[in-house]
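Each remark here refers to the structure printed beneath this line.
Values in this text are rule-based calculations from the coordinates and carry no lab data. Being a predicted model, the structure only gives us computed values, none of them experimental. Here the Cβ positions follow ideal geometry from the backbone for every residue, glycine too, while neighbour counts run over all protein chains shown.
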Amino acid sequence: MRFEDPAPVDCEYCHYRSLLPVRQLLRLQATCPNCHQSLEPTGLQMRAQLDDWHGYLLLIELVLEVEQETGTQISDEELDGIHTLRQLARTLESKLPNSMDRTTQAIEIVQRAALSTSQRDVIDVDANFLDAMKPNRWA
Ligand SMILES: [Zn+2]
């Protein structure tokens with residue numbers, strides 16, 4: 001997904017429409033050329049849209065890895081409403097053979113996939129997984 005660049009922005013204070021560089025908006029540095037109010041809310045909204053999209057891609061990447069490792073299949077419907085690694089582990093758990101300690105196993109598998117995908121050393125399985133895997137994305 002990409003934003004039109006420069007992006008058309010309607011100022012919420014004076015309703016002036018301007019074209020502004022996407023980078024400036026995403027850095028929360030853009031101001032309305034007419035009334036000079038900060039356009040931070042617009043930037044935050046754009047960040048949220050990008051997060052939604054990147055979060056989705058990240059989840060797909062993770063699921064592919066988990067499916068490959070376990071030989072299981074997770075459907076698109078099952079992915080709806082998954083926001084944390086623990087939730088993904090719970091979905092996986094029900095698909096693992098009954099003989100194993102499935103809860104522990106599922107968490108370990110998901111964690112391993114997340115660590116290798118995100119290239120981080122530790123991962124918070126209860127955080128929104130985009131925050132867990134890419135915590136510094138807007139720093
Ligand atoms: Zn304005």
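Tallying residues that are among the small types (Gly, Ala, Ser) and either surrounded by fewer than 16 Cβ atoms within 10 Å (Cβ to Cβ) or within 16 Å of the ligand (Cβ to nearest atom) (or both) within the stretch 46-58 yields 1. Applying the condition of being surrounded by 18 or more Cβ atoms within 10 Å (Cβ to Cβ) and out of contact with any Pro (no Cβ under 9 Å at 6 or more places or on another chain) to the stretch 26-45 and asking which residue is farthest from residue 80 (Cα to Cα) yields 32.
Being surrounded by 15 or more Cβ atoms within 10 Å (Cβ to Cβ) and more than 9 Å from the ligand (Cβ to nearest atom) is the filter; apply it to the stretch 7-25 and report the residue that is nearest to residue 57 (Cα to Cα). Looking at residues that are surrounded by 15 or more Cβ atoms within 10 Å (Cβ to Cβ) and more than 9 Å from the ligand (Cβ to nearest atom), I get 22. With respect to being charged (D, E, K, R), surrounded by 13 or more Cβ atoms within 10 Å (Cβ to Cβ) and within 14 Å of the ligand (Cβ to nearest atom), residue 65 falls outside the description.
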